[in-house]
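Asker: Before anything else, here's the structure in question.
The values are calculated or read from the model by the stated rules, or taken from the named source; none is laboratory data. Here the structure is a predicted model, which means the values were calculated and not measured. With ideal geometry, Cβ positions are generated from the backbone for all residues, glycine too; neighbour counts draw on all protein chains shown.
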Amino acid sequence: MEILRSAMAGTLESSDAQVIVEPGNGRIELSLQSSVMNQYGRQIKATVLETLERLDVSSVRITVVDKGALDCTLKARVECAVYRSCGASAANIPWGGAVR
């Protein structure tokens with residue numbers, strides 16, 4: 001999937017995450033800030049990268065500001081930001097396909 005424009009999903013509320021995606025330079029550039037970085041930083045990074053891989057995104061600048069979100073929330077925020085950046089609407093999102 002190709003990132004066509006900047007898009008954002010999520011909030012800066014407690015137990016949520018804000019994800020911003022922008023067109024990349026041929027690779028994944030991840031910027032991560034988290035209130036629980038010392039405890040869960042590696043898992044957050046792995047979840048974000050796994051979700052991008054599953055969506056077949058290989059060129060993106062992604063910024064994640066985590067406020068203690070669960071993995072399922074992180075996945076949902078990344079998916080939402082990617083689909084918004086591609087101009088996908090509810091009618092053409094592959095529910096049950098790429099989204100797992």
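Asker: With the requirement that a residue be surrounded by 15 or more Cβ atoms within 10 Å (Cβ to Cβ), within 20 Å of Y83 (Cβ to Cβ) and of a type in the set (V, I, T), what does segment 1-57 give you?
Answerer: Matches in segment 1-57: I3, V19, I20, V21, I28, T47, V48, T51, V57.
Asker: Filter segment 27-44 down to residues that are farther than 17 Å from L12 by Cα and either part of a loop (DSSP other than H, G, I, E, B) or hydrophobic (A, V, I, L, M, F, W, C) (or both) and give me whichever is farthest from the chain's Cα centre (by Cα).
Answerer: Looking at the filtered set, the residue picked out is R27.
Asker: Let me ask something else. Is it the case that K75 is within 10 Å of the chain's Cα centre (by Cα) and surrounded by 16 or more Cβ atoms within 10 Å (Cβ to Cβ)?
Answerer: Details: within 10 Å of the chain's Cα centre (by Cα): yes; surrounded by 16 or more Cβ atoms within 10 Å (Cβ to Cβ): yes.
Spelling it out, K75 is indeed within 10 Å of the chain's Cα centre (by Cα) and surrounded by 16 or more Cβ atoms within 10 Å (Cβ to Cβ).
Asker: G68 fails exactly one of the following numbered conditions: (1) at pLDDT below 90; (2) farther than 24 Å from N25 by Cα; (3) among the small types (G, A, S). What is the number of that condition?
Answerer: With respect to (1) at pLDDT below 90; (2) farther than 24 Å from N25 by Cα; (3) among the small types (G, A, S), G68 is out only on (1).
Asker: So, in segment 48-72, of the ones that are within 10 Å of the chain's Cα centre (by Cα) and part of a helix (DSSP H, G or I), which residue ends up farthest from P23 (Cα to Cα)?
Answerer: The selected residue is E50.
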